[in-house]
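The values are calculated or read from the model by the stated rules, or taken from the named source; none is laboratory data. Remember, predicted model here, so these are calculated numbers, not experimental data. Here the Cβ is made from the backbone with ideal geometry for all residues, glycine too, and neighbour counts use every protein chain on show. Note: accessible area is taken over every heavy atom of the protein model, side chains too, but ligands, DNA and RNA are not part of it. Shrake-Rupley method; radii C 1.70, N 1.55, O 1.52, S 1.80 Å.
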Amino acid sequence: MRVLEGLEPRKVFSFFEDISAVPRGSRDTEQITEYMVRFAEERNLKHRRDEAGNVVIFKDASFGYENSPAVILQGHIDMVCEKDPDSDHDFHKDGLELFVDGDLVGAKKTTLGADNGIAVAYMMTVLDSDDLNHPPLECVFTVDEEIGMLGAEAMDMSDLKGKYLINVDSEEEGIFTVSCAGGVSAKCYLKMHMTDAKENGIRIDITGLKGGHSGIEIDKGRGSSNEICGRLLYELSKELKLGIATIEGGSKDNAIGKLTVVKGTVDDIDKAKKIAYEFEKQIAHELGERDPDFRIEVEEIKIDDKVSDEDSTKRLVTYLINSPQGVQSMSFDIEGLVESSLNLGALNLKDGEMSAVYSVRSSISSKKDFLVNKLTTLVESLGGRIELEGEYPAWEYKADSHLRKVCVDSFKEMFGKEPVIEAIHAGLECGIFSGKIGPQLDCISIGPDMWDVHTSKERLSISSTERTWKFLKDILERLK
């Protein structure tokens, strides 16, 4: 028995139920890729599959739209695979157990995969229907979006002719995403000269911070344990003979540091504790209720490791006190949007080398480059080096977007209210598409309401799915 039978729009939910029976976790997309190829073959639709597993299915324009600019419809076929602790679900071979609860669709004890399975179902419905008005279509199904947009990054887009791109990977109806940040991971290294520890051993814990996502929550004013570490070491070094043995702060460039632990030596433990105590009060005042549980703990310990000598300590402290952190600029085009930011997410000193790993983001490519240049000149001036990896392009705000105007007009006429125009300080596949195809590509991201994505509580609104389907059809009809 089909669980979603009778839900509207019938064909959309039928295809969603079909793909929900196919395993499609990130890096495990071979079965869903083959399914999409069979779908195209059965309908005699031109298609291609690349080595990464991305699938593109083409459909000719409907009558009267033959001379209209082509439209790219895009979503990703992989999903995040999370389940409850007591679930025996095997994502490699088991289909999802769907259920309906009022206006909501969910999956029993697992993620639902509406992110981004609903986009796949919408596109399949468009491709399967002969009664819709639309321009030439290029439906792009990407893989491994959830683990870094790897499919889009690996994709050859030279055969895509679309002037417009509609990404269906947003999670709130009536909120149109029109820009996203580009980014890069920057790793800075600084060699230290280590010497035998001769002073009192000390351990410093900077803890109790909330942390958060370095894109979405970078503007919340939360403390960074790694930035606070640099400031504290500077205060200590002004009055004490300081040596650093190890630093462990954070583990991911895209997470704001919550805990940093420093081990080293000082020539006066009591004075170090007093400085740390006064500094803790200062930072607590700065953070206020944004990080009410912040604290600094200092204890005397035995140090067996070597510590940085005077010159190396000075270079390390100079680096950390000058290292940028947090919001660097705000957008003048979109109110409240963080334009550029930088997050020192992972800070370590081990085996005589400091490593500092940053997530650098900006919705303007030149400003991202500027932040990288600041890091480069800082670390190189102190005898260190920098490495960059995982770069992805920004999707810059398009002031004269025809597609956005069409979507806004359609939404207002259909639903009697203004949509919300939003930009996000995180990455979307639209950025990669616009980066590869060119700035002339006019993009927007839309989607129906869903909640608790990437968790076993993920839910999709049935009524919102229907409204968004009608909205998508109307957009395609208007793009003549």
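Within segment 50-79, if we keep just the residues that are surrounded by fewer than 17 Cβ atoms within 10 Å (Cβ to Cβ) and under 28 Å from the mean Cα position of the chain (by Cα), the residue that is nearest to residue 27 (Cα to Cα) turns out to be 51.
Based on what the data block shows, is residue 380 over 20 Å from residue 223 (Cα atoms) and modelled with pLDDT of 95 or more? Criteria met by residue 380. Is it true that some residue in segment 379-389 is over 30 Å from residue 321 (Cα atoms), over 18 Å from the mean Cα position of the chain (by Cα) and crowded, with 19+ Cβ neighbours inside 10 Å? Looking through segment 379-389, none of the residues is over 30 Å from residue 321 (Cα atoms), over 18 Å from the mean Cα position of the chain (by Cα) and crowded, with 19+ Cβ neighbours inside 10 Å. For residue 416, indicate whether it is open to solvent by 40 Å² or more (accessible area, probe 1.4 Å), more than 26 Å from residue 152 (Cα to Cα) and of a type in the set (Gly, Ala, Ser). Answer is yes for this residue. Condition check: touching a Lys or Arg at 6+ places or on another chain (Cβ under 9 Å), surrounded by 23 or more Cβ atoms within 10 Å (Cβ to Cβ) and within 19 Å of residue 273 (Cα to Cα). Does residue 218 satisfy that? Against the criterion (touching a Lys or Arg at 6+ places or on another chain (Cβ under 9 Å), surrounded by 23 or more Cβ atoms within 10 Å (Cβ to Cβ) and within 19 Å of residue 273 (Cα to Cα)), residue 218 does not qualify.
Every residue in segment 444-478 that is outside any helix (DSSP H, G or I) and open to solvent by less than 10 Å² (accessible area, probe 1.4 Å), please.
Pass one, segment 444-478, residues outside any helix (DSSP H, G or I): 444-461.
Correct list: 444, 445, 446, 447, 448, 458, 460, 461.
Does residue 302 satisfy the criteria of being buried (at least 22 other Cβ atoms within 10 Å of the Cβ), closer than 29 Å to residue 191 by Cβ and not small (Gly, Ala, Ser)? When the stated conditions are applied, residue 302 does not pass them.
Listed conditions (1) buried (at least 19 other Cβ atoms within 10 Å of the Cβ); (2) farther than 18 Å from residue 201 by Cα are all met by residue 280, apart from (1). Checked against (1) β-branched (Val, Ile, Thr); (2) open to solvent by 50 Å² or more (accessible area, probe 1.4 Å); (3) at pLDDT 95 or above, residue 421 passes all but a single condition, namely (3).
Which count do you get for residues in segment 156-183 that are closer than 20 Å to residue 392 by Cα and either of a type in the set (Val, Ile, Thr) or surrounded by fewer than 23 Cβ atoms within 10 Å (Cβ to Cβ) (or both)?
Qualifying residue count for the region: 9.
What's the total number of residues in segment 399-426 that are touching a strand residue (DSSP E or B) at 6+ places or on another chain (Cβ under 8 Å) and charged (D, E, K, R)? Of the residues in that region, 2 qualify. Residues in segment 323-363 that are under 17 Å from residue 249 (Cα atoms) and of a type in the set (S, T, N, Q) were compared, and the one that is modelled with the lowest pLDDT is 359. Residue selection: residue 309 satisfies the criterion of being surrounded by fewer than 17 Cβ atoms within 10 Å (Cβ to Cβ), at pLDDT 95 or above and over 19 Å from residue 232 (Cβ atoms).
Report, by residue number, each residue of segment 287-313 that is closer than 23 Å to residue 196 by Cβ and touching a Leu at 6+ places or on another chain (Cβ under 9 Å). Steps first, answer last, please.
Pass one, segment 287-313, residues closer than 23 Å to residue 196 by Cβ: 298-313.
Passing the criteria: 307, 308, 310, 312, 313.
Counting the residues of segment 123-142 that are part of a helix (DSSP H, G or I) and β-branched (Val, Ile, Thr) gives 2.
Taken over segment 98-122, the criterion of being in a loop (DSSP other than H, G, I, E, B) and exposed (fewer than 15 other Cβ atoms within 10 Å of the Cβ) is satisfied by 102, 103, 108.
The number of residues in segment 194-211 that are open to solvent by 40 Å² or more (accessible area, probe 1.4 Å) and closer than 26 Å to residue 253 by Cα comes to 2. Of the residues making up segment 253-267, just one is assigned to a loop (DSSP other than H, G, I, E, B), out of contact with any helix residue (DSSP H, G or I) (no Cβ under 8 Å at 6 or more places or on another chain) and either open to solvent by 80 Å² or more (accessible area, probe 1.4 Å) or farther than 27 Å from residue 186 by Cα (or both), namely 267.
Hey, among the residues in segment 221-250 that are closer than 29 Å to residue 182 by Cβ and part of a loop (DSSP other than H, G, I, E, B), which one's most open to solvent (accessible area, probe 1.4 Å)? That would be 222. Reported count of residues in segment 180-209, each being in a strand (DSSP E or B) and either over 30 Å from residue 423 (Cα atoms) or among the hydroxyl-bearing types (Ser, Thr, Tyr) (or both), is 14. The single condition among (1) within 25 Å of residue 13 (Cβ to Cβ); (2) in a loop (DSSP other than H, G, I, E, B) that residue 161 does not meet is (1).
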